[in-house]
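One structure is given here, and the rest of the page talks about it.
The values are calculated or read from the model by the stated rules, or taken from the named source; none is laboratory data. Being a predicted model, the structure only gives us computed values, none of them experimental. Cβ placement follows ideal geometry from the backbone for every residue including glycine, while neighbour counts extend to all protein chains displayed.
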Amino acid sequence: MEQAFSSLRELALRMPYWEECAVLLGIVYLLLAMRQHLWCWYAAFASTSIYAFLFWDVNLLMESALQIYYLAMALYGWQQWRKKDSIENNTVSLAISTWTTKQHGLAIAATLVLSYLSGQLLADNTDAARPFIDSFTTWGAVLTTYMVTKKVLENWIYWFVIDGICIFLYLDRGLHPTAALFLAYEIIVIFGYLKWRAEWREQNPELRNARSEAL
């Protein structure tokens, strides 16, 4: 199995423009996710399939493993966004939600602990590049991807932090198109957050009423 995987990876990496293709699909995913379009999960599945090979090739082992998780979450996200509400023109209406301060605190604490443990494991037993940074961005992305599948508003804030760190990580490993992609992500994330927040307020008219009364 390992030999078959290695042969497939070598074949894929010899083909030109794979990174650029993954970058394009990544942008398509984020733009569709910002619009809450069901097809974002198809773009996510294709992009992460490519990145699984690319990250393994540059010794970003946690990032490569993360892509397998992304593949599973693309299927789960598609199912979650699709099942709860009616679909019209491939758009979905699963309501946007928010997390409490306690939920955020527990999520961040768990991410930091797991990042340290897996980073130490990689540093002691592998030749992984930047093991602690690699682990932090991986576990942070695991958490944040789950938030996206549940349409938690604050996922955009988490992505802004994670993507900023990823830019450094990818530049360090020579993945310049991917670093440029994540720079574009930083801009798109801002608009995504504003768009989701506006819709969340529309879904919660009591918030608008409370704001009007305060004014």
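Give me the residue from the range 119-138 that is within 19 Å of the chain's Cα centre (by Cα) and surrounded by fewer than 23 Cβ atoms within 10 Å (Cβ to Cβ) and, out of that set, nearest to residue 163 (Cα to Cα).
Once the filter is applied, the top-ranked residue is 133.
Residues to consider are 180, 141, 184, 128; find the one that is outside any helix (DSSP H, G or I), touching a residue at least 40 places away in the same chain (Cβ under 8 Å) and of a type in the set (Gly, Ala, Ser).
Values: 180 fails: outside any helix (DSSP H, G or I); 141 fails: outside any helix (DSSP H, G or I); 184 fails: outside any helix (DSSP H, G or I).
Of the residues listed, the single one that is outside any helix (DSSP H, G or I), touching a residue at least 40 places away in the same chain (Cβ under 8 Å) and of a type in the set (Gly, Ala, Ser) is 128.
Keeping to the range 33-49, report how many residues are in contact (Cβ under 8 Å) with a residue 40 or more places away in the chain, out of contact with any strand residue (DSSP E or B) (no Cβ under 7 Å at 6 or more places or on another chain) and under 15 Å from residue 150 (Cβ atoms). Full working, then the answer.
Here is the first cut: in the range 33-49, the residues in contact (Cβ under 8 Å) with a residue 40 or more places away in the chain are 33-39, 41.
Adding the requirement that they be out of contact with any strand residue (DSSP E or B) (no Cβ under 7 Å at 6 or more places or on another chain) leaves 33-35, 39, 41.
Retained after the next criterion (residues that are under 15 Å from residue 150 (Cβ atoms)): 33, 41.
Number of matching residues: 2.
The rows are residues; the columns are (1) loosely packed, with under 14 Cβ neighbours inside 10 Å; (2) among the aromatic types (Phe, Trp, Tyr).
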residue: 155; (1), (2): no, no
residue: 160; (1), (2): no, yes
residue: 174; (1), (2): yes, no
residue: 177; (1), (2): no, no
residue: 188; (1), (2): no, no
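For the range 53-67, give me each residue that is at pLDDT below 80 and buried (at least 20 other Cβ atoms within 10 Å of the Cβ).
60, 61, 62, 63
Collect the residues in the range 138-173 that are over 20 Å from residue 95 (Cβ atoms) and of a type in the set (Val, Ile, Thr), keeping them in residue-number order.
Listed by number, the residues that qualify are 138, 142, 161, 162, 165, 167.
Kindly evaluate residue 83 against the criterion of being exposed (fewer than 13 other Cβ atoms within 10 Å of the Cβ) and modelled with pLDDT under 85. Full working, then the answer.
Numbers: exposed (fewer than 13 other Cβ atoms within 10 Å of the Cβ): yes; modelled with pLDDT under 85: yes.
So residue 83 fits the description; yes.
Here are some residues: 156, 196. Which one is modelled with pLDDT of 90 or more, out of contact with any Gly (no Cβ under 6 Å at 6 or more places or on another chain) and not small (Gly, Ala, Ser)? Step through it out loud before you land on a result.
On the way: 156 fails: out of contact with any Gly (no Cβ under 6 Å at 6 or more places or on another chain).
The unique qualifying residue is 196.
Quick test of your reading of the structure: residue 141 fulfils all but one of (1) under 14 Å from residue 65 (Cα atoms); (2) aliphatic (A, V, I, L, M); (3) surrounded by fewer than 19 Cβ atoms within 10 Å (Cβ to Cβ). Name the failing condition by number.
Single failed check for residue 141: (3).
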